[in-house]
1. Using beta carbons and a limit of 7 Å, which pairs, at least six apart or on different chains, have the first residue in the range 53-72 and free of Cβ contacts under 8 Å to residues at least 24 places away in the same chain and the second one assigned to a strand (DSSP E or B) and open to solvent by 40 Å² or more (accessible area, probe 1.4 Å)?
2. Do you know which residues across the range 1-17 are among the hydrophobic types (A, V, I, L, M, F, W, C) and modelled with pLDDT under 90?
3. Only residues in the range 22-51 that are in contact (Cβ under 8 Å) with a residue 40 or more places away in the chain and farther than 24 Å from residue 11 by Cα count as the first member; pair them with residues that are assigned to a helix (DSSP H, G or I) and open to solvent by 50 Å² or more (accessible area, probe 1.4 Å), Cβ under 8 angstrom, at least 6 apart or cross-chain, and list the lot.
4. Applying the selection to the range 19-61, what residues are basic (Lys, Arg) and within 15 Å of residue 83 (Cβ to Cβ)?
5. Among the residues of the range 71-80, what is the count of those that are closer than 16 Å to residue 10 by Cα and loosely packed, with under 15 Cβ neighbours inside 10 Å?
6. For the range 57-83, how many residues meet the condition of being in contact with a helix residue (DSSP H, G or I) (Cβ under 6 Å, 6 or more places away or on another chain) and under 17 Å from residue 19 (Cβ atoms)?
7. Of a type in the set (Gly, Ala, Ser), open to solvent by less than 50 Å² (accessible area, probe 1.4 Å) and out of contact with any Cys (no Cβ under 6 Å at 6 or more places or on another chain): which single residue out of 83, 89 fits that description?
8. Can you find even one residue in the range 51-70 that is surrounded by 12 or more Cβ atoms within 10 Å (Cβ to Cβ) and small (Gly, Ala, Ser)?
Amino acid sequence: MRKLRHCPGPTLFEVTCRTLQGRFLLAPTPDFNDEVRGVLGRALSLYPIELHAFVMMSNHHHMLLTAPNQEALSRFLGHFHAGVARAVGRLN
């Protein structure tokens, strides 16, 4: 089990998330890239997150972001990861 995130105020986070078994499910096609940008934009509009850098590769992604608290970070990541999962299912 993961330790709980402690975020006393606006805190800078580096987030890395890998696909199951390192599978290449996030293949960079124009359609997939558009979907990911849309999901990311929607998540950023819903939650008070400041995104500094983002990179998506075939089997993982990295984000450098500032979150005001752990709840906002958790909800943002949940929304983003669920949207990317739906996009992968739709396009594959």
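1. 53/64; 55/62
2. Scanning the range 1-17 gives 1, 4, 7.
3. 29/91; 31/91; 32/91; 35/90; 35/91
4. Result: 37, 42.
5. 1
6. Of the residues in the range 57-83, the ones in contact with a helix residue (DSSP H, G or I) (Cβ under 6 Å, 6 or more places away or on another chain) are 59, 67, 76, 79-80, 83.
Imposing the further condition that a residue be under 17 Å from residue 19 (Cβ atoms) reduces the set to 59, 80, 83.
Result for the range 57-83: 3.
7. Answer to the selection: 83.
8. Yes, the range 51-70 contains at least one residue that is surrounded by 12 or more Cβ atoms within 10 Å (Cβ to Cβ) and small (Gly, Ala, Ser).
The values are calculated or read from the model by the stated rules, or taken from the named source; none is laboratory data. Just so it is clear, the structure is predicted and the values come from calculations on it, not from any experiment. Virtual Cβ from ideal backbone geometry, glycine too; neighbours counted across all protein chains shown. Areas reflect the complete protein model, heavy atoms only, side chains present, ligands, DNA and RNA absent. Shrake-Rupley method; radii C 1.70, N 1.55, O 1.52, S 1.80 Å.
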